[in-house]
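Input: a single structure, listed below in structure tokens.
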Amino acid sequence: MIDIRRIREQFPITRQRFPVLGAADPRPLIYLDHGASTHPPTPVLDTYKDFLESSYANVHRGRHHLSELATDRFEHVSDDIFRFVRGTRSANTVILCGNTTQALDLASHVMAHRKGVTLVSIMEHHSNDLPHRSRGKVVHFGAKDDGTLDYEDLEAKLLEHEVKLVAVTGASNVTGYLPDIHRIARMAHSRGAKILIDGAQLLAHAPVDVLPDEDPGHIDFFAGAGHKAYAPFGSSFLFGPTALLDEAPPYIPAGGTVVYVTEDEAYYKKSPDRHEGGTPNIAGAVAFAAALRFLEEVGMEAVREHERVLVERAVDGLRRLDGVRLLGHPDPSRRIGALSLTIDGIPHELAASILNREAAIAVRNGCFCAHPYLHRLLGLTDTTELRNRLVAGEEVDLPGAIRPSFGIFNDEAEVDELLRMLRVIRDRAWKGEYGDIPGAGACRDL
């Protein structure tokens with residue numbers, strides 16, 4: 001188990017206090033939105049600040065002292081990433097990007113010219129679905145009613161189609177469900193396909209092992225980002241096979257990726273430079289590497305166990321709350337700390353606002369950029385009328401949920417306060433009046 005007191009002391013955000021309706025004094029923030037964005041601990045903040053103050057310059061373009069310092073620190077970022085995901089350099093490359101969406105789009109770009117369809121799970125965040133649709137044929141494979149992956153459907157689709165890529169999340173951003181990514185990789189590789197893992201939710205919550213290239217269960221492409229791994233400074237990466245990355249055309253065919261340009265032709269560099277066009281987010285990448293080192297020091301097995309305890313406490317309490325429904329499989333061992341909930345008769349916007357204004361509890365609400373999966377979990381089998389009304393420009397209250405998501409500095413007392421407030425909302429015992437809720441239309445625009 002992690003030393004939660006020591007961990008909390010390293011996160012300045014845990015010391016913030018906010019006004020709460022009916023309370024004489026501000027309350028400590030209970031931040032339960034780690035599935036969206038995380039906060040940096042002091043070692044990461046210090047690294048970021050020190051780099052900008054003492055060694056910031058552009059990289060790969062100068063012979064002066066600062067440029068050499070910056071280049072050295074930037075180039076070692078990939079060392080930390082390779083070590084964290086247990087990848088090898090012999091046949092793989094790490095491409096630095098701006099966020100997970102860009103990293104996933106790069107993977108889609110790299111595979112676009114290859115023959116075959118892309119299989120995409122129904123539980124995906126739109127970022128691991130829509131890019132593939134824009135570059136070729138996509139076939140979706142399903143999830144069961146409990147939100148777990150339908151492996152039989154995946155196997156059937158692999159047999160039915162010539163598949164080039166299987167795209168699947170490492171951990172669902174809606175339910176926290178953990179698919180067996182190595183089992184999926186073995187299934188994909190047996191049919192000659194590659195596998196792409198959206199690791200946005202997995203990276204900071206459970207150990208990652210892409211496995212050696214010769215292992216049938218190895219991961220071909222893995223995408224992750226700093227802003228969900230305690231480094232919210234706009235940096236991410238795509239781990240992938242060097243040969244595939246080098247045979248694809250440059251992702252951004254502009255400055256920084258070329259060796260030589262004539263009036264008629266351009267000669268491009270190999271990866272990673274081939275796909276990292278322009279000046280990168282150097283400071284963000286350095287901070288991202290610091291965050292990975294911080295997590296390694298804590299120990300990812302310890303992080304996983306800490307979150308499992310919190311999820312187990314939350315799920316146990318939710319079982320006693322009639323009228324509050326937990327979406328997805330309830331087994332804490334099969335999910336990270338993301339819990340999507342609905343409360344009978346209470347709009348998700350209202351529930352999130354009450355939690356915020358009356359208990360300083362920060363959660364996410366809405367559709368979580370995974371509409372097909374959420375609709376399946378909510379039992380919405382026919383959304384024709386909903387879509388028609390949206391297309392017609394009508395005001396529609398889209399179905400959704402609230403999502404508390406735990407992180408490394410949350411504790412059991414915060415879980416208990418969440419459960420207490422959910423009971424208050426279920427019993428319609430909140431204090432304030434909520435009419436026009438700012439941001440309530442976040443999922444409504446078509």
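The values are calculated or read from the model by the stated rules, or taken from the named source; none is laboratory data. Quick caveat, the model's predicted, so the values are computed rather than measured. All Cβ positions, glycine included, derive from the backbone under ideal geometry; neighbour counts span all protein chains shown. These area figures cover heavy atoms from the full protein model, side chains too; ligands, DNA and RNA do not enter into them. Shrake-Rupley method; radii C 1.70, N 1.55, O 1.52, S 1.80 Å.
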Just name the residue that is modelled with the highest pLDDT out of those in the stretch 263-311 that are aromatic (Phe, Trp, Tyr) and under 26 Å from residue 242 (Cβ atoms). 288
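Looking only at the stretch 256-308, count every residue that is in a strand (DSSP E or B) and either among the hydroxyl-bearing types (Ser, Thr, Tyr) or touching a Cys at 6+ places or on another chain (Cβ under 8 Å) (or both) and tell me the total. Steps first, please.
Step one: list which residues in the stretch 256-308 are in a strand (DSSP E or B), which gives 258-261, 266-268.
Those still in the list that are either among the hydroxyl-bearing types (Ser, Thr, Tyr) or touching a Cys at 6+ places or on another chain (Cβ under 8 Å) (or both) too: 260, 267-268.
Final tally of qualifying residues: 3.
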Modelled with pLDDT of 95 or more, at negative phi, open to solvent by less than 60 Å² (accessible area, probe 1.4 Å) and under 27 Å from the mean Cα position of the chain (by Cα) - does that describe any residue in the stretch 63-77? yes
On the given criteria, is residue 152 touching a strand residue (DSSP E or B) at 6+ places or on another chain (Cβ under 9 Å), without any contact (Cβ under 8 Å) to a residue 24 or more places away in the chain and open to solvent by 30 Å² or more (accessible area, probe 1.4 Å)? no
Scan the stretch 373-385 and give yes if some residue there is hydrophobic (A, V, I, L, M, F, W, C), without any contact (Cβ under 8 Å) to a residue 40 or more places away in the chain and open to solvent by 30 Å² or more (accessible area, probe 1.4 Å), otherwise no. yes
Evaluate the stretch 235-250: report whether one residue or more is assigned to a loop (DSSP other than H, G, I, E, B), under 20 Å from residue 94 (Cβ atoms) and open to solvent by 10 Å² or more (accessible area, probe 1.4 Å). yes
Quick one: would you say residue 215 is of a type in the set (Asp, Glu), under 28 Å from residue 184 (Cα atoms) and open to solvent by 10 Å² or more (accessible area, probe 1.4 Å)? yes
Condition set aliphatic (A, V, I, L, M) and surrounded by 23 or more Cβ atoms within 10 Å (Cβ to Cβ), scope the stretch 398-417, selection farthest from residue 298 (Cα to Cα): answer is 401
It is to be established whether one or more residues within the stretch 15-31 are out of contact with any Asp or Glu (no Cβ under 9 Å at 6 or more places or on another chain) and surrounded by 20 or more Cβ atoms within 10 Å (Cβ to Cβ). no
I'd like to verify a number: residues in the stretch 166-199 that are open to solvent by less than 10 Å² (accessible area, probe 1.4 Å), of a type in the set (A, V, I, L, M, F, W, C) and outside any strand (DSSP E or B), how many? 6
Please work out which one of (1) surrounded by 13 or more Cβ atoms within 10 Å (Cβ to Cβ); (2) part of a loop (DSSP other than H, G, I, E, B); (3) at negative phi is the condition residue 44 fails and give its number. (2)
Within the stretch 240-260, is even one residue farther than 25 Å from residue 188 by Cα and in contact with a Pro (Cβ under 6 Å, 6 or more places away or on another chain)? yes
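Pick from the stretch 1-16 the residues that are of a type outside the set (D, E, K, R) and part of a loop (DSSP other than H, G, I, E, B): which of them is nearest to residue 40 (Cα to Cα)? So that I can check it myself, show each step before the final result.
Within the stretch 1-16, the subset of a type outside the set (D, E, K, R) is 1-2, 4, 7, 10-14, 16.
Adding the requirement that they be part of a loop (DSSP other than H, G, I, E, B) leaves 1-2, 10-11, 16.
Details: 1: 21, 2: 17, 10: 9, 11: 7, 16: 14 Å.
My answer is 11.
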All but one of (1) open to solvent by less than 10 Å² (accessible area, probe 1.4 Å); (2) of a type in the set (Ser, Thr, Tyr); (3) farther than 22 Å from residue 336 by Cα hold for residue 268; which doesn't? (1)
All-but-one check, residue 288 against (1) touching a helix residue (DSSP H, G or I) at 6+ places or on another chain (Cβ under 7 Å); (2) of a type outside the set (A, V, I, L, M); (3) within 24 Å of residue 425 (Cα to Cα), failing number (3)
